[in-house]
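Heads up, the thing below is written out as structure tokens.
The values are calculated or read from the model by the stated rules, or taken from the named source; none is laboratory data. Everything numeric in this text was worked out from a predicted model, so none of it was measured. Because the Cβ atoms are built from the backbone with ideal geometry, glycine has one as well, and the counts that use them run over all protein chains shown.
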Amino acid sequence: MKSEHIPKATIGRLAVYIQVLENLKHDGVEIISSEALAQACSVNSSQIRKDLAYFGEFGVRGVGYYVQELITSIKQSLGIDRIWNCALVGVGNLGRALLRHREFSRKGFAIKVAFDCDPYKIGELVEGLEVICTRKTKEKIREYGLEIGIITTPPERAQRAANYLVDGGIKGIINYAPSRIQVPDHIPVEYVDFFHHLYAVAFQIKLNEK
């Protein structure tokens, strides 16, 4: 890797590149030009070259990119060429939907443990996982070697869930709860809020109607 100071927007685009490349591979495409890849990813070819340059030299002049080779290289650069063990906190409707989502494991993110504080849910089997009391978070993080926490609690319980995860030694958090959480600086947090995207689409529709 040439630089550790990689823009967050670049990481987001790399995720798009992987998605497009994997679809191309599924369709039997082995080589793709930078222009064709750029068009498929809705960016320009210079942007793709700039993003990839953070991680090394890719592609062959006059030929393009070898699809499988580029997928492998990007995954290695992002650290997603291995299995990441995850914990989910909050087994409500959203939590259950994520547990049913097969793409997590297919993409290398294995949800090993599901936690909840509701005594009526503790002990229940959801998608083959027994729901465990959140008070055992620290113990289970160490037992299963969990690295990423996924919070799907109501907003008022998100901080408590984060506290349990941090206390257990979790390395990063994805927060689906519509609430900001406070964690130590060394723990990366990503927020997923579906309404942000709905607001953005609504705004674009409004602009188009003018």
Restricting attention to region 167-210, which residues are within 19 Å of Gly90 (Cα to Cα) and aliphatic (A, V, I, L, M)?
Ile170, Ile173, Ile174, Ala177, Ile181, Val183, Val189, Val192
By residue number, the members of region 58-102 that are farther than 21 Å from Leu24 by Cα and more than 18 Å from the chain's Cα centre (by Cα) are Val91, Gly92, Asn93
Cβ-Cβ under 7 Å, sequence separation 6+ or interchain: first residue in region 183-210 and within 19 Å of Gly168 (Cβ to Cβ), partner in a strand (DSSP E or B) and of a type in the set (A, V, I, L, M, F, W, C). Which pairs?
Val183/Ile173; Val183/Val189; Ile187/Ile173; Val189/Ile173; Glu190/Ile174
Looking at the structure I just gave you, is Glu69 assigned to a strand (DSSP E or B), farther than 28 Å from Gln182 by Cβ and either without any contact (Cβ under 8 Å) to a residue 40 or more places away in the chain or among the aliphatic types (A, V, I, L, M) (or both)?
no
Within region 1-32, considering residues that are assigned to a loop (DSSP other than H, G, I, E, B) and out of contact with any helix residue (DSSP H, G or I) (no Cβ under 8 Å at 6 or more places or on another chain), the one surrounded by the most Cβ atoms within 10 Å (Cβ to Cβ)
Ile6
Residue by residue through region 97-128, note down the ones that are among the basic types (Lys, Arg) and in contact with a strand residue (DSSP E or B) (Cβ under 6 Å, 6 or more places away or on another chain).
Lys112, Lys121
Please verify whether region 104-126 includes one or more residues that are farther than 30 Å from Ile71 by Cβ and touching a residue at least 40 places away in the same chain (Cβ under 8 Å).
yes
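The rows are residues; the columns are (1) surrounded by fewer than 18 Cβ atoms within 10 Å (Cβ to Cβ); (2) within 30 Å of Leu52 (Cβ to Cβ); (3) acidic (Asp, Glu).
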{"residue": "Tyr66", "(1), (2), (3)": "yes, yes, no"}
{"residue": "Leu70", "(1), (2), (3)": "no, yes, no"}
{"residue": "Ile83", "(1), (2), (3)": "yes, yes, no"}
{"residue": "Cys86", "(1), (2), (3)": "no, yes, no"}
{"residue": "Glu103", "(1), (2), (3)": "yes, yes, yes"}
{"residue": "Gly108", "(1), (2), (3)": "yes, yes, no"}
{"residue": "Val113", "(1), (2), (3)": "no, no, no"}
{"residue": "Tyr120", "(1), (2), (3)": "yes, no, no"}
{"residue": "Glu127", "(1), (2), (3)": "yes, no, yes"}
Could you tell me whether any residue of region 84-94 is touching a Ser or Thr at 6+ places or on another chain (Cβ under 6 Å) and on the phi > 0 side of the Ramachandran plot?
yes
So which residues in region 39-95 are among the aromatic types (Phe, Trp, Tyr) and modelled with pLDDT under 90?
Tyr54, Phe55, Phe58
Determine, yes or no, whether Tyr164 is touching a helix residue (DSSP H, G or I) at 6+ places or on another chain (Cβ under 8 Å), aromatic (Phe, Trp, Tyr) and closer than 17 Å to Leu88 by Cβ.
yes
